Amino acid sequence: MYHLTDVTKTYQGSHRVTALDSVSLDVPDGQFLAIRGNTGGGKSTLLQMLGGLDRPDSGTVEVGGEDLTRMSESGLTRFRATRVGIIFQGFNLIPTLTAQENVEAGLVPLKVHAEERRSRALEALAEVDLDARADHLPGEMSGGQQQRVAVARALVKQPTIILADEPTGNLDEKTRDEVMDLLESYWRKIGFTLVVVTHDSSIARRAERRITMNSGSLSS
């Protein structure tokens, strides 16, 4: 379970921006949560806190009783490697690696043997109906196919948490629905915690719970 207490994050550029303003939030294990809000409202910053990708200026972010804000950098790396799968709007695939190699990359921090990595990557690609594209580079695939590779990469390490930041923002409506159908079906089958940042109301409606971030503050 996530337990956030009074989490604050500010950024200093030409002027001071409060991305998160004393945000408190509980997310039970296995919940599908959608975070909505306007651009610049703090949604992605909140997701970064949940993933241990950034630290707050103040407040605590606890997962299963462990405080991410007090973890060492190596501890946060282990947390992300073993417990969290992250899916980005821009896919974040390595352009010089094949689909299979990109999925295998999700297992490298876990020190999985090369033969097992290949086997698990191919199995994950088959689950998203892309085993025939295993040896294709990202540039040889459509946006929807690339995002399904990203989903396979996130799922291959069998995480307990999936965080998705505008995962369909670069996709057309039909492909958006296909990717969300895939994510939702895995959530129902496996029972991981799924947190999706989105400005798309049709995606938010799929979630068990919806919250809104505006100007760094949270509302239900």
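The values are calculated or read from the model by the stated rules, or taken from the named source; none is laboratory data. Since this is a predicted model, take the numbers as computed values, not measurements. Note that each Cβ is placed from the backbone with ideal geometry, even for glycine, and that neighbours are counted across all protein chains shown.
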Run down ARG117, ARG133, ARG153, ARG148 and say which single residue is basic (Lys, Arg), touching a helix residue (DSSP H, G or I) at 6+ places or on another chain (Cβ under 7 Å), crowded, with 22+ Cβ neighbours inside 10 Å and without any contact (Cβ under 8 Å) to a residue 60 or more places away in the chain. ARG148
All but one of (1) modelled with pLDDT of 95 or more; (2) of a type in the set (S, T, N, Q); (3) touching an Asp or Glu at 6+ places or on another chain (Cβ under 7 Å) hold for THR198, so report the exception by its number. (1)
Tally the residues that are modelled with pLDDT of 90 or more, among the hydrophobic types (A, V, I, L, M, F, W, C) and touching a helix residue (DSSP H, G or I) at 6+ places or on another chain (Cβ under 6 Å), restricting the search to the stretch 163-179. 1
Here are some conditions: (1) buried (at least 21 other Cβ atoms within 10 Å of the Cβ); (2) modelled with pLDDT under 95; (3) not in a helix (DSSP H, G or I); (4) not aliphatic (A, V, I, L, M). SER14 meets all but one. Which one does it not meet? (1)
Can you say whether ALA126 is crowded, with 20+ Cβ neighbours inside 10 Å, over 26 Å from ASP29 (Cα atoms) and of a type in the set (A, V, I, L, M), as far as the supplied structure shows? no
Before we move on, is THR8 polar (S, T, N, Q) and at pLDDT below 95? no
Yes or no: GLN48 touching a strand residue (DSSP E or B) at 6+ places or on another chain (Cβ under 8 Å), within 27 Å of ASN214 (Cα to Cα) and either surrounded by fewer than 22 Cβ atoms within 10 Å (Cβ to Cβ) or of a type outside the set (Ser, Thr, Tyr) (or both)? no
Enumeration of residues in the stretch 115-167 that are among the hydroxyl-bearing types (Ser, Thr, Tyr) and closer than 26 Å to MET1 by Cα: THR160
SER185 passes all but one of (1) crowded, with 18+ Cβ neighbours inside 10 Å; (2) of a type in the set (Gly, Ala, Ser); (3) part of a helix (DSSP H, G or I); which number fails? (1)
